[in-house]
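*Asks:* Handing you this structure, nothing more for now.
Every read-out reported here was derived from the displayed coordinates using simple, explicitly stated rules and does not represent laboratory data. Predicted model only: the values in this text are computed from it and were never measured. Heads up, the Cβs are rebuilt from the backbone with ideal geometry, glycines too, and the neighbour counts pull from every protein chain shown.
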Amino acid sequence: MPSSRATPETHPGDDRTTDLIRWAAFSCVLVPVVLLWYGTSLAGATGTALGLAAVTAACRVLLRRSEQCAARLLDEDPAPQAHRGRHQRTGSGSHRGGRHSGGNSPVS
């Protein structure tokens, strides 16, 4: 049975994620250049560039995985229930607050 929700071709987070990765890649190039400009050794700048590239790659993998998990959760449960919170439980019980008009209470 087809879903009543229209699924867009591109997810809204794709553009932001792509922009974020592009800025991170830009910084992987810019930071070593600036370090070289201020007199850091070539080996130090290269090590910094490799470290930044590794962190950027790991963040990219984690971002893509989280987007895939979020999309999978939306596909599995099209109508998520509202979160009621810790103290807003539903149902009847003796622990609910408020005044009660009971038959056992004396009337003065």
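*Asks:* I'd like the FRET efficiency for residue 29 and residue 61, computed as 1/(1 + (r/R0)^6) with the beta carbon distance as r and R0 of 25 Å, rounded to 0.05. Don't skip to the end; give the middle numbers.
*Replies:* Details: r = 20 Å, r/R0 = 0.80.
So the FRET efficiency works out to roughly 0.80.
*Asks:* How do the peptides 67-73, 22-28 rank, highest first, by the average count of neighbouring beta carbon atoms within 10 Å per residue?
*Replies:* Numbers: 67-73: 11.6, 22-28: 13.7.
Peptide ranking by packing, descending: 22-28, 67-73.
*Asks:* In addition: Which value, in debye to the nearest 20, gives the size of the charge dipole of region 12-76 about its Cα centre, when Lys and Arg are +1 and Asp and Glu are -1 at the Cβ? Kindly include the intermediate steps, with their values, before the conclusion.
*Replies:* Details: 6 positive and 6 negative charges, 44 e Å.
Around 220 debye, computed over region 12-76.
*Asks:* Okay, moving on. What translational diffusion coefficient, in µm²/s and rounded to a whole number, does the Stokes-Einstein relation yield for region 12-76 at 4 °C and a viscosity of 1.567 mPa s, taking the hydrodynamic radius as the Kirkwood radius over Cα pairs?
*Replies:* Using the Kirkwood radius from Cα pairs, D works out to 98 µm²/s.
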